[in-house]
Every structure is written in structure tokens, then in C-alpha cells.
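Below: the structure, in C-alpha cells.
The values are calculated or read from the model by the stated rules, or taken from the named source; none is laboratory data. As the structure is a prediction and not an experimental result, all values here were calculated from the model. We place every Cβ from the backbone using ideal geometry, glycine too, and count neighbours over all the protein chains shown.
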Amino acid sequence: MEYLKFKRISVNALCKETGLKQSTIHGQLVGPVMLSMDTVLAVINVFPDLSAEWLLRGNGQMEGIAQDADLKAVCIEQAKEILRLKLRIAELEGEKKLA
């Protein structure tokens, strides 16, 4: 939320830019839901000046630094692995239902 205020970006504009649902963003920004990896990846891909380290851990400066490229790459690889695992779980659950 701090970054949005700093950049004068509305939640609605954030949703349009990232393609995320407003209810999802609202729940993660002001509600009881923690930021998801999908949200983090969408935000740092749309706003490259936002420090992924700051967003994920609260460390460092809000606006990006050179090392953020490495952290973004790690986040993207982790998100891909999470997606792969989710698909595999769904596949195994489908097999279990058929058995």
C-alpha cells in the first residue's frame, strides 16, 4: 500500500495494470490475506522500479536496486515450480478419484 501511495496509483489502476482481481488485491492489501506469489510476481513485473526485496521481506529501499533482477528471476522460477506442483497435485487427485 505504501508503494501505491508513493506512486499515486489506485487499487483499481493496479488491478488493470496487473490483470489481478480487485477483490484479491483488496484482501491482500487491507484484509487478512497475505500477499500471494502470483500477486508479487504480477506487481514486480509491471512495476520494475519496485524492489522485490522490499516487497517480499520489507528490507532495503522501496524502489529497486541492481540485485533485484536476481531476486525477480528466483521468484519467477519459484512461481513456475509452484504452478508445476499444483498441476501435478491436481493430476494425482484426478487419478485418485478414478481409482
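L87 falls short on exactly one of the conditions (1) part of a helix (DSSP H, G or I); (2) within 21 Å of S10 (Cβ to Cβ), and that condition is (2). Right, L71: at pLDDT 85 or above, closer than 28 Å to Y3 by Cα and surrounded by 15 or more Cβ atoms within 10 Å (Cβ to Cβ) or not? No, not satisfied.
Identify all residues within region 1-52 that are in a loop (DSSP other than H, G, I, E, B), closer than 22 Å to C75 by Cα and not acidic (D, E); write none if there are none. Explain how you work it out, then say what you get.
Here is the first cut: in region 1-52, the ones in a loop (DSSP other than H, G, I, E, B) are 1, 8-10, 19-21, 30-36, 47-49, 51.
Subset that is closer than 22 Å to C75 by Cα: 1, 19-21, 33-36, 47-49, 51.
Correct list: M1, G19, L20, K21, V33, M34, L35, S36, F47, P48, S51.
One line per residue, one yes/no per condition, for (1) surrounded by 15 or more Cβ atoms within 10 Å (Cβ to Cβ); (2) at pLDDT below 85; (3) of a type outside the set (A, V, I, L, M):
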{"residue": "R8", "(1), (2), (3)": "no, no, yes"}
{"residue": "N12", "(1), (2), (3)": "no, no, yes"}
{"residue": "C15", "(1), (2), (3)": "yes, no, yes"}
{"residue": "T18", "(1), (2), (3)": "yes, no, yes"}
{"residue": "S23", "(1), (2), (3)": "no, no, yes"}
{"residue": "G31", "(1), (2), (3)": "no, yes, yes"}
{"residue": "A42", "(1), (2), (3)": "yes, no, no"}
{"residue": "A52", "(1), (2), (3)": "yes, yes, no"}
